[in-house]
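Following: one structure in C-alpha cells, then a few remarks.
The values are calculated or read from the model by the stated rules, or taken from the named source; none is laboratory data. Everything quoted here is computed from the prediction, not taken from an experiment. No Cβ is skipped: glycine too gets one built from the backbone with ideal geometry, and neighbour counts run over all protein chains shown.
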Amino acid sequence: MKINNDHLIVGDNVTQMDCPKNKEKFAPGNLDTIVIHYTAGRSAESSANFLAGPVKASAHMVIGREGEIYQLVPFDTVSWHAGDSFYRNRKWLNKYSIGIELDNAGVLTKVGSEYQAWFGKKYQANEAVFATHRNETSPKYWHTYTEQQIDKCRQVCEMLIEKYKLNTILGHEEISPGRKQDPGPAFPLDKFRDNLLTQNRSDEPNLIDKEGVVTANLLNIREDAGVNFRKVARPLTRGTKVKVIEERNGWFKVETMVEGWVGKGFIDVS
C-alpha cells in the first residue's frame, strides 16, 4: 500500500468511494491527529455506504474485519467524523484530524450463550469481551476486533504519520466523553498509539526477554511477523504468559509452549 499524490491509498483490497459532500481542505498546519472510531454497523461495506450517503457524517476510511479498506475522503480533505469534540484547548476536531472507522458492532448484550448487537446480529463467545470502558465504572460486553483489522489499521497509521507528520492518535471516546464510547475497551488504544508514536524514539524501553500476558480472547501465533504467515499452533488464550524474544514492525516473537509471532498490541509486558 501507499498514499498517492491525490492523497488516496492505493493497494490490494482497497476500494475508493465517491463522497462528494466533503470538499473543504485542511488549513495549512492544522492536520496533526488521527481519531479511531468503531462503526457500530452490520459490515464495513454497509457502514461505508451509509457514511458516503446523504447524512451529516463521514470518515476518511472504513477498515473491515478481514483488513479490507474503503476510502471515502482524500487525506487532504476534512471529513465529518468527530462532531462536537474537544481536546487540549481545541474544539471541533474534524478540522485537525483524519478519521478511521473500524467495522465493529460496539456494545453487545448477552442472550443465552450468544452476544447480540443493537441491530440483531448475534456473535459467539470468542467474539465478545467483558471489560470496563475508560469513561465508565461498570463492565459490559464488547465486540472484539480482529488481528487483520488492527494490523491493517497500524499499517495505515504508519503511512499517515510519515506522510503528514502527525503526532497524536486519539479515540473518539477521548474527544467526546459522555457522548461517544468508540473504539471502546476491546481496542488496545493505549498500547497501539504508544507503539506507533514512540517506535522511533531512542529512549523506547527494551522489551526483549521481558515477560508478558496475552490480553486478547484468542491470539493467533504465526511463523513470522505478519497476518499472511502460517499459524504455528492453536490461538493463545487471554491470560497466557509469554516471554518476548524479538520485536519487529509492530510484532513480538514470543516463547510459550511454542515460539511464534503475535501482534504487539495484544501483549501486556510487565
Where a residue in the stretch 47-70 is assigned by TED's automatic domain parsing to the domain that holds residue 37 and on the phi < 0 side of the Ramachandran plot and its partner, wherever it lies, is of a type in the set (Asp, Glu) and buried (at least 23 other Cβ atoms within 10 Å of the Cβ), with Cβ under 6 Å and at least six apart
59/101; 62/101; 64/103; 65/103
Is it the case that the stretch 208-230 has a residue that's more than 30 Å from residue 111 (Cα to Cα), surrounded by 16 or more Cβ atoms within 10 Å (Cβ to Cβ) and under 13 Å from the mean Cα position of the chain (by Cα)?
no
Could you list, in sequence order, the residues of the stretch 161-182 that are touching a Leu at 6+ places or on another chain (Cβ under 6 Å) and surrounded by 22 or more Cβ atoms within 10 Å (Cβ to Cβ)?
171, 175
Reported set for the stretch 95-130 where residues are farther than 25 Å from residue 238 by Cα and within 18 Å of the chain's Cα centre (by Cα) is 97, 98, 99, 100, 101
Do we find that residue 111 is under 25 Å from residue 51 (Cα atoms), of a type in the set (A, V, I, L, M) and either in contact (Cβ under 8 Å) with a residue 12 or more places away in the chain or surrounded by fewer than 21 Cβ atoms within 10 Å (Cβ to Cβ) (or both) in this structure?
no
Where residue 73 falls short, out of the listed (1) crowded, with 23+ Cβ neighbours inside 10 Å; (2) assigned to a strand (DSSP E or B):
(2)
Just one of the numbered conditions (1) in contact with a strand residue (DSSP E or B) (Cβ under 8 Å, 6 or more places away or on another chain); (2) under 15 Å from residue 104 (Cβ atoms) is not true of residue 65; which one?
(1)
Sole miss for residue 234 among (1) closer than 17 Å to residue 151 by Cβ; (2) charged (D, E, K, R); (3) free of Cβ contacts under 8 Å to residues at least 40 places away in the same chain is condition (1)
Quick one: residue 177 ticks every box in (1) touching a residue at least 60 places away in the same chain (Cβ under 8 Å); (2) under 17 Å from residue 133 (Cα atoms); (3) of a type outside the set (Asp, Glu) bar one, so which box is it?
(1)
Of all residues in the stretch 84-108 being at pLDDT below 95 and in a strand (DSSP E or B), the one that is surrounded by the most Cβ atoms within 10 Å (Cβ to Cβ)
87
Take the residues in the stretch 258-270 that are modelled with pLDDT of 90 or more and out of contact with any Leu (no Cβ under 8 Å at 6 or more places or on another chain); name whichever of them is surrounded by the fewest Cβ atoms within 10 Å (Cβ to Cβ).
258
Within the stretch 1-21, count every residue that is surrounded by fewer than 20 Cβ atoms within 10 Å (Cβ to Cβ) and either farther than 19 Å from residue 158 by Cα or touching a Gly at 6+ places or on another chain (Cβ under 7 Å) (or both).
9
Looking at (1) outside any helix (DSSP H, G or I); (2) surrounded by fewer than 21 Cβ atoms within 10 Å (Cβ to Cβ); (3) not assigned by TED's automatic domain parsing to the domain that holds residue 78, which is the one condition that is false for residue 126?
(1)
